[in-house]
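Engineer: Sharing a structure with you now.
The values are calculated or read from the model by the stated rules, or taken from the named source; none is laboratory data. Here the structure is a predicted model, which means the values were calculated and not measured. A quick note on method: Cβ atoms are made from the backbone with ideal geometry, for glycine too, and the neighbour counts reach across all protein chains shown. For the accessible areas, the whole protein counts, side chains as well, though only heavy atoms, and no ligand, DNA or RNA atoms are used. Shrake-Rupley method; radii C 1.70, N 1.55, O 1.52, S 1.80 Å.
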Amino acid sequence: MAKNTANEYRNLVLYSVYVRNHSEAGTFEAVRQDLERIKALGTDMIWLMPIHPIGQTARKGTLGSPYAISDYRTVNPEYGTLEDFRRLVDAIHRLGMKCIIDVVYNHTSPDSWLVKNHPEWFYRRTDGSFGNRVGDWTDIVDLDYSHPELWDDQIETLKYWAAIVDGFRCDVAPLVPLAFWLRARAEVEAVRPGCFWLSESVEPGFVAAARAEGISALSDAEIFQAFDAAYDYDSFPYFKDYLEGRIPLSRYVECLNQQETIYPENYVKLRFLENHDQLRASFILPDEAALWNWTSFLYFQKGMTLLYGGQERSCRHLPSLFDKDPVNWLDGPDRSAQLRRLSALKKHPLLADGAYHVQALPGEFLLAVYRRQRRQLVGIFSMKGASGSVTVDVPDGQYENLAEGGTIEVKFGKVCCQGKPLIFETP
C-alpha cells in the first residue's frame, strides 16, 4: 500500500463523468453548469473519463472509444478547449471538490502522436506489425515499457496534468510495470503533493489468464504498493454470481471479509454497483427494495463510493462508449435526496478506521458492523428486499435509523426489518 494513503479516503464519494454523454452538448462547459447539482449529492471528487482526442484509425462506433487516445497532452476538441477544461477544473475546486482524470497508459490509438513520432516504443507482433496483447481491443496498440525513454515521456505528461488536476484514475493499471507507477508517484508528488492515485485493478481471472499467456499482470496486492485505491473487481464477480443465483450470499461475504486480512491495514477499495464497463444497477436490480438496500450497503462498505453519472436518476440504459448516447436524466426515480443522506453517513469516522466485519444471515440479510473500542456502527440490509427479524449483538433499546430516519427498536437482541436498510450507532 502507498505508505501515505489516508484512511479518510474511505469517507469519500467519487462521481464519474463521461463528458460526451453527460449532456446533449457533450462539452466541458455543460459539465461545469451541472456541478452544483453533482456537489449537492455529497460528491467529494469528480473523475472525468478520458479528456483527450480520440484516434481516427480503427475507430469503434461512430465517434470512437475515449480509451483510444491519440494525444496525451491535448484535450478532445469535441469537448472544448484547454481553457474550457481549466475553467471546469477551477469551478470544481471552488465548490470544494477535487478532480481526477483518466490515464490510459497501456495503449494508444493506432494513429497516435506517439506512434508517429516514437514507433520504437510500441509492442510488435511476430510479423513486426503493431498490435495489442490482450482483449478484443481492436482500436488500440500496446505500448512497450522496456524503453526507459517512454517512462520519461509518460511521467512528464503526468506532471503536466498534475499541475492542473488533483489525481489520476489509471486504466488497466496492472498491465503497466509496477516500477513505473512507483516512480511516477514519487515524481508527481513534487508537482502535486497529495496527488490521488486510483487503479482500475482487474478481476483475478484476468490476471491469471494474462499470466498464463506470459503477460505480466499485477495483483491487487502489488497495485496497492503504488496506488491509494483500487477497483473492487476481486469481489465484484461474486456479487454478480450471487445476483444470478450461482452462489449463496455467504460466499460473497467471505470474499469481503478476506479483504480485511490480505491487504494492508490502510487499503482503500473503490466500491461500486455500476461503472462505464458494467450494466446499470437499476438494470441488474429491477426490484426497488433490493436496489435501495444494495445502494445503502454500497455507501456503508469499507472504501470509497463510486457513482456513475445517471445512477442518481436510476438510469437503466448504459451509454455507449463509442457513440453519442446521452444520459436520460428523466429515466427513473430521482434518488438524489436519499444519496445526500447516505453521503453524510459516509463521513462517519468509524467508516474510516473501524474494524469491519460482514455476516450473511438467514433470509438473505447482510449484517455489517464497524467496531472501535466500545463504539459500534451497525448496518442491516435485506438483499432481496424481504422482511424479517435479525439477531444483533447490541444492548436492547431504541436507536436512530441513520439510513432513512425514524427509530429502530432492539428487543431481546432482535431487530424487525421491513425490507428497508437499517443503520444505527451504539454508544
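Engineer: Take residues that are at pLDDT 95 or above, over 30 Å from Arg87 (Cβ atoms) and hydroxyl-bearing (Ser, Thr, Tyr) and tell me which of the helices (runs of 4 or more DSSP H) falling wholly in the range 158-258 contain 1 or more.
Structural biologist: Working: elements: 178-189, 204-212, 220-223, 236-243.
Answer list for the range 158-258: 236-243.
Engineer: Which condition number in (1) touching a strand residue (DSSP E or B) at 6+ places or on another chain (Cβ under 8 Å); (2) part of a helix (DSSP H, G or I) is the one that Asn275 fails?
Structural biologist: (2)
Engineer: Another question, then. State yes or no: is Trp121 farther than 26 Å from Tyr263 by Cβ and open to solvent by 30 Å² or more (accessible area, probe 1.4 Å)? Give the steps one after another, and end with the answer.
Structural biologist: Working: farther than 26 Å from Tyr263 by Cβ: yes; open to solvent by 30 Å² or more (accessible area, probe 1.4 Å): no.
Spelling it out, it is not the case that Trp121 is farther than 26 Å from Tyr263 by Cβ and open to solvent by 30 Å² or more (accessible area, probe 1.4 Å).
Engineer: For the list (1) at negative phi; (2) over 22 Å from the mean Cα position of the chain (by Cα), I need the number of the one condition that Gly80 fails.
Structural biologist: Status for Gly80: all satisfied but (1).
Engineer: Which residue out of Ile46, Ile54 is modelled with pLDDT of 95 or more, open to solvent by less than 20 Å² (accessible area, probe 1.4 Å), over 29 Å from Tyr299 (Cβ atoms) and in contact with a Phe, Trp or Tyr (Cβ under 9 Å, 6 or more places away or on another chain)? Walk me through how you get there before you give the answer.
Structural biologist: Values: Ile46 fails: over 29 Å from Tyr299 (Cβ atoms).
Checking each option against the conditions leaves just Ile54.
Engineer: Go through (1) farther than 30 Å from Leu41 by Cα; (2) surrounded by 15 or more Cβ atoms within 10 Å (Cβ to Cβ) and name the single condition Ser129 misses.
Structural biologist: (2)
Engineer: Determine the pairs where a residue that is more than 26 Å from His348 (Cα to Cα), located within the range 282-300, has a partner that is open to solvent by less than 40 Å² (accessible area, probe 1.4 Å) and not in a helix (DSSP H, G or I) with Cβ atoms under 7 Å apart, the partner being 6 or more residues away or on another chain.
Structural biologist: Pairs that qualify, where the first residue is more than 26 Å from His348 (Cα to Cα) and the partner is open to solvent by less than 40 Å² (accessible area, probe 1.4 Å) and not in a helix (DSSP H, G or I), are Ser282/Ser314; Ser282/Cys315; Ser282/Gly332; Asp287/Gly385.
Engineer: Say we look at the range 66-87 and pick out the residues that are touching a strand residue (DSSP E or B) at 6+ places or on another chain (Cβ under 7 Å) and in a loop (DSSP other than H, G, I, E, B); which of these is most open to solvent (accessible area, probe 1.4 Å)? It would help to see each step written out before you state the result.
Structural biologist: First pass over the range 66-87, keeping only residues touching a strand residue (DSSP E or B) at 6+ places or on another chain (Cβ under 7 Å): 66, 68-70, 76.
When the remaining residues are screened for being in a loop (DSSP other than H, G, I, E, B), the result is 66, 68, 70, 76.
On the way: Pro66: 1, Ala68: 5, Ser70: 25, Asn76: 3 Å².
Only one residue tops the list, namely Ser70.
Engineer: Let me ask another. Restricting to the range 220-232, what's the tally of residues that are within 15 Å of Ala208 (Cα to Cα) and either in contact with a Lys or Arg (Cβ under 6 Å, 6 or more places away or on another chain) or surrounded by fewer than 22 Cβ atoms within 10 Å (Cβ to Cβ) (or both)?
Structural biologist: 2
Engineer: What about Gly135, is it open to solvent by 30 Å² or more (accessible area, probe 1.4 Å), out of contact with any helix residue (DSSP H, G or I) (no Cβ under 8 Å at 6 or more places or on another chain) and modelled with pLDDT under 95? If you could, list the steps in order and put the result at the bottom.
Structural biologist: Details: open to solvent by 30 Å² or more (accessible area, probe 1.4 Å): yes; out of contact with any helix residue (DSSP H, G or I) (no Cβ under 8 Å at 6 or more places or on another chain): yes; modelled with pLDDT under 95: yes.
Here the answer is yes, as Gly135 does meet what is asked.
Engineer: Only one of Glu404, Glu312, Glu400, Glu364 is among the acidic types (Asp, Glu) and open to solvent by less than 20 Å² (accessible area, probe 1.4 Å). Can you tell me which? It would help to see each step written out before you state the result.
Structural biologist: Details: Glu404 fails: open to solvent by less than 20 Å² (accessible area, probe 1.4 Å); Glu400 fails: open to solvent by less than 20 Å² (accessible area, probe 1.4 Å); Glu364 fails: open to solvent by less than 20 Å² (accessible area, probe 1.4 Å).
Among Glu404, Glu312, Glu400, Glu364, only Glu312 is among the acidic types (Asp, Glu) and open to solvent by less than 20 Å² (accessible area, probe 1.4 Å).
Engineer: I've got another one for you. I need the full set of residues from the range 1-37 which are hydrophobic (A, V, I, L, M, F, W, C) and over 16 Å from the mean Cα position of the chain (by Cα), in order please.
Structural biologist: Applying the first criterion (hydrophobic (A, V, I, L, M, F, W, C)) to the range 1-37 yields 1-2, 6, 12-14, 17, 19, 25, 28, 30-31, 35.
Of everything in the range 1-37, those that are hydrophobic (A, V, I, L, M, F, W, C) and over 16 Å from the mean Cα position of the chain (by Cα) turn out to be Met1, Ala2, Ala6, Val19, Ala25, Phe28, Ala30, Val31, Leu35.
Engineer: Report yes if some residue within the range 204-213 is open to solvent by less than 10 Å² (accessible area, probe 1.4 Å), farther than 23 Å from Thr305 by Cα and within 21 Å of the chain's Cα centre (by Cα); otherwise report no. Can you show your working first?
Structural biologist: First, the residues of the range 204-213 that are open to solvent by less than 10 Å² (accessible area, probe 1.4 Å): 210.
Filter again for farther than 23 Å from Thr305 by Cα, leaving 210.
Okay, now just the ones that are also within 21 Å of the chain's Cα centre (by Cα), so none.
There is no residue in the range 204-213 that is open to solvent by less than 10 Å² (accessible area, probe 1.4 Å), farther than 23 Å from Thr305 by Cα and within 21 Å of the chain's Cα centre (by Cα).
Engineer: Given (1) in a helix (DSSP H, G or I); (2) open to solvent by less than 10 Å² (accessible area, probe 1.4 Å), identify the lone condition not met by Tyr267.
Structural biologist: Going through (1) in a helix (DSSP H, G or I); (2) open to solvent by less than 10 Å² (accessible area, probe 1.4 Å) one by one, Tyr267 breaks only (1).
Engineer: Under 6 Å by Cβ, and 6 or more places apart or on different chains, what pairs join a residue from the range 318-342 that is among the charged types (D, E, K, R) with one that is outside any loop (DSSP other than H, G, I, E, B)?
Structural biologist: Pairs found: Asp325/Asn21; Asp331/Arg313; Asp334/Arg313; Arg335/Glu312.
Engineer: Another question about this same structure. Count, please, the residues in the range 407-425 that happen to be surrounded by fewer than 13 Cβ atoms within 10 Å (Cβ to Cβ) and touching a Pro at 6+ places or on another chain (Cβ under 8 Å).
Structural biologist: Total satisfying the criteria: 0.
Engineer: Moving on to the next point. Just checking, which of Asp152, Asp166, Asp111 is crowded, with 19+ Cβ neighbours inside 10 Å and of a type in the set (Asp, Glu)?
Structural biologist: Asp166
Engineer: Using the structure shown, decide if Met45 is under 30 Å from Leu350 (Cβ atoms), in contact with a strand residue (DSSP E or B) (Cβ under 7 Å, 6 or more places away or on another chain) and not charged (D, E, K, R).
Structural biologist: On the way: under 30 Å from Leu350 (Cβ atoms): yes; in contact with a strand residue (DSSP E or B) (Cβ under 7 Å, 6 or more places away or on another chain): yes; not charged (D, E, K, R): yes.
Yes, satisfied.
Engineer: Next question, about the same structure. Can you name the number of the only condition in (1) closer than 20 Å to Leu270 by Cβ; (2) surrounded by fewer than 17 Cβ atoms within 10 Å (Cβ to Cβ); (3) hydrophobic (A, V, I, L, M, F, W, C) that Leu339 fails?
Structural biologist: Condition (2) is where Leu339 drops out.
Engineer: Please enumerate the residues belonging to the range 2-32 that are of a type in the set (Phe, Trp, Tyr) and either open to solvent by 40 Å² or more (accessible area, probe 1.4 Å) or in a helix (DSSP H, G or I) (or both).
Structural biologist: Narrowing the range 2-32 to residues of a type in the set (Phe, Trp, Tyr): 9, 15, 18, 28.
Tyr9, Phe28, listed by residue number.
Engineer: Here is a further query. Return a yes/no flag: does the range 373-383 have any residue that is among the small types (Gly, Ala, Ser) and either free of Cβ contacts under 8 Å to residues at least 24 places away in the same chain or open to solvent by 50 Å² or more (accessible area, probe 1.4 Å) (or both). Write out each step before concluding.
Structural biologist: Here is the first cut: in the range 373-383, the residues among the small types (Gly, Ala, Ser) are 379, 382.
Applying the additional criterion that residues be either free of Cβ contacts under 8 Å to residues at least 24 places away in the same chain or open to solvent by 50 Å² or more (accessible area, probe 1.4 Å) (or both) yields none.
For the range 373-383, residues among the small types (Gly, Ala, Ser) and either free of Cβ contacts under 8 Å to residues at least 24 places away in the same chain or open to solvent by 50 Å² or more (accessible area, probe 1.4 Å) (or both): absent.
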